[in-house]
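Single-structure report; data block below.
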Amino acid sequence: MIGLPIGQLQIEKPGGSDQCVASNGFCPEWIVDNIDRYWTPLLEHVYLTIAPVVIGFAISMVLAILAHRRRWLTGPIIATTGIFFAIPSVAAFFLLQPITGLGYTTAMVALVSYTLLIIFRNITTGLRNVPAETRDAALGQGLTERQVLFRVELPMAIPEIMAGLRIATSTTVGLAALAVFAGAGGLGREILIDERFKSNVVVAGGLAVLLAAAFDLLILAAQRAITPWQRAGR
Amino acid sequence: MGDPSDRSTAEPLEFREATKRYPGSAKPAVDALSLKVPAGEICVLVGPSGCGKTTAMRMVNRMIDITDGDILLGGRSVRDRKPAELRREIGYVIQHIGLFPHRTIGENIATVPGLLGWDKKRTNARVEELIELIGLPPETRSRYPGQLSGGQRQRVGVARALASDPPVMLMDEPFGAIDPINRERLQNEFLRLQAELRKTIVFVTHDIDEAIKMGDRIAILQEGGKLAQYAPPAELLMYPASRFVEDFVGSDRALKRLALQRVRDIDLWKAAAIRVGTPVADARAALDEADVPYPMLVDERGRPKGWLSDRALTGERVTDELRSPAQPIVELDDVLRDALADLLSSETRYGAVVGHDGALAGVLSLEVIQHFLHAAPAASPTGADLLRE
């Protein structure tokens, strides 16, 4: 699936005699009959969301820990990831093609680079919001710097980190719909295959929205599960 | 629960010309501080803000590194120790407590045992023991710091510092953020605890009254981290070494000394305790021996009834004609300052002093108190001693 001629394809419409389908309308019957064709793109879209967020989270975490140790790194990291964030995604997909070619690699590099600013900033904020006296008490009891980071600061930063992950995930679900321009699959390609057919656009687009909502709820549930102290009432 | 003092440990602490200089600052923050804290005593570092008291305290567990001089803990230089290991042997309590909000109370208390690699059983037993020691219900263990009141959190902070039974504790304004009523209660609780545990404690405060109450010894520091005086509270109040110390302890230092003493600690006057029906000759003989010129009528169990009038001693046997009732009656365990207040408010020169059984033990007079204030503060007890009973 390379060099996609945009908007030139038409979905084959079995039972084309249907008036609704012939006029590219919104046809519930067609949707029920054809919903199967969307599962594979949906799975691709899930992959195009999870992989960049996971990789972006890993890179951001390393950067945030580096910047936590050496504060002066924060500015340059925010500037660099900010530039990544500012490049229009479609432009990035095309700009990367000479280097990484068409396909998932290009999509992945671009999508990862978009998550960095959001996740990095949230981890950094979370770490900075740890009260000075908590750090002081931790060090004073004999925790090493590394133990303070992993046992106190990062756990206490979980709410901010999870907030960053939620924004990054929602953003990535949206941007992944454009990964078709990098030659990757996903729901975006499904939309472009016949973007004039309303039924197709509504199903593919709707699935993307539902996916974003599902991820959001999932992360929220995870956050609640791992931060019991936030829910404990008086 | 076993008596914690069974295996409680304490080590002496010594500052040897310990100095902290910050780069770019002409004056040192702590200037050649030398003082010894005997094992099991509370040394209070007190002084105005900027006097280096917190810096001096934080040099002990190397939260701040010493520039010159040394600090010895149990005879060993802290400079030779790895900071993290050293700190695990030193209890640490700070004003804002700094409990870990994401960990339960039990987990917070178990922090240092965890770092020291204690097994689960030992840690569990210790946490249970400490929660009981600080007087919180056992179920507190599984709660989070956010669910506790300020006073409860402060108690947990103390329990956490005691978890591994450290020989030395550092306390930086530990009750500073607590309202006055609860502060008083926490101070008393802590002194009761310390009477059992006998830890070596460095206690930082800016409040001279707290220093006098908590300290076995008080180190007054002045600007530039200079030691102005190091002495037990009574000595400090009696003989301030400089104008600075005098000003710092305040013009009411005589009253402060009275707050350090109980009625039983001073030499009371002897009174003639007379029962009804005693031969007047015997009563007069007893009166000659007494310090107070008036006889006190007591009941069959020796409890004071009132001061006898002259006419009660005119017949053959003593009658129960009173000059005035036995007001006020103070107890041997009363704090001297409160006893003085009773005397003054009763507008009388003499107060009957009774023991636990209510029997007359002596007489307190304004002269007795005056005499005490002008005498040398020999072997004066400290706040901790006062609360030990």
Discussion item. So, B:ASP70, is that one among the acidic types (Asp, Glu), within 14 Å of another protein chain (Cβ to nearest Cβ) and not in a helix (DSSP H, G or I) or not?
Written reply: no
Response to the item:
Considering only helices (runs of 4 or more DSSP H) wholly within the stretch A:182-234, the ones with at least 1 residues that are surrounded by 17 or more Cβ atoms within 10 Å (Cβ to Cβ) and within 14 Å of chain B (Cβ to nearest Cβ) are A:198-226, A:228-231
Worksheet item: So, in the stretch B:135-154, of the ones that are in a loop (DSSP other than H, G, I, E, B) and away from chain A (no Cβ under 13 Å), which residue ends up farthest from B:PRO174 (Cα to Cα)?
Response: B:PRO137
Worksheet entry | Pick from the stretch A:116-141, criterion assigned to a helix (DSSP H, G or I), touching a residue at least 24 places away in the same chain (Cβ under 8 Å) and within 14 Å of chain B (Cβ to nearest Cβ), ranking: nearest to the chain's Cα centre (by Cα) | A:GLY126
Worksheet item: Among the numbered criteria (1) more than 30 Å from B:ILE109 (Cα to Cα); (2) part of a helix (DSSP H, G or I), which single criterion is violated by A:LEU102?
Response: (2)
Worksheet entry | Listing of strands (runs of 3 or more DSSP E) fully contained in the stretch B:202-304 that carry 1 or more residues being over 30 Å from B:ALA39 (Cβ atoms) and over 30 Å from the mean Cα position of the chain (by Cα) | B:272-274, B:295-298
Worksheet entry | Candidates B:GLU132, B:GLU139, filtered to the one that is within 25 Å of the chain's Cα centre (by Cα), farther than 18 Å from A:GLY142 by Cα and among the charged types (D, E, K, R) | B:GLU132
Worksheet entry | Output for the stretch B:79-99, where each listed residue is facing chain A (nearest Cβ under 8 Å) and among the small types (Gly, Ala, Ser) | B:ALA84, B:GLY98
Worksheet item: For B:ILE42, all conditions in the list (1) away from chain A (no Cβ under 13 Å); (2) of a type outside the set (Gly, Ala, Ser); (3) over 21 Å from B:VAL156 (Cβ atoms) hold save one; what is the number of the exception?
Response: (3)
Worksheet item: Quick check, is B:THR9 touching a residue at least 12 places away in the same chain (Cβ under 8 Å) and either farther than 27 Å from B:GLN187 by Cα or not in a loop (DSSP other than H, G, I, E, B) (or both)?
Response: no
Discussion item. So, B:ILE105, is that one surrounded by 20 or more Cβ atoms within 10 Å (Cβ to Cβ), more than 8 Å from every other protein chain (Cβ to nearest Cβ) and either under 21 Å from B:LEU162 (Cα atoms) or modelled with pLDDT under 95 (or both) or not?
Written reply: yes
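Output the number of residues of the stretch B:305-346 satisfying the condition of being of a type outside the set (Phe, Trp, Tyr) and in a strand (DSSP E or B).
Qualifying residue count, the stretch B:305-346: 12.
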Item to complete: Answer yes if at least one residue in the stretch B:17-39 is among the aromatic types (Phe, Trp, Tyr) and either in contact with a Lys or Arg (Cβ under 7 Å, 6 or more places away or on another chain) or not in a loop (DSSP other than H, G, I, E, B) (or both), and no otherwise.
Response: no
Fill in: Given (1) under 21 Å from B:LYS256 (Cα atoms); (2) over 25 Å from the mean Cα position of the chain (by Cα), number of the condition B:ASP342 does not satisfy
(2)
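The values are calculated or read from the model by the stated rules, or taken from the named source; none is laboratory data. Values in this document were obtained by computation on a predicted structure and should not be read as measured data. Glycine also receives a Cβ, built like all others from the backbone with ideal geometry; neighbour counts cover every protein chain displayed.
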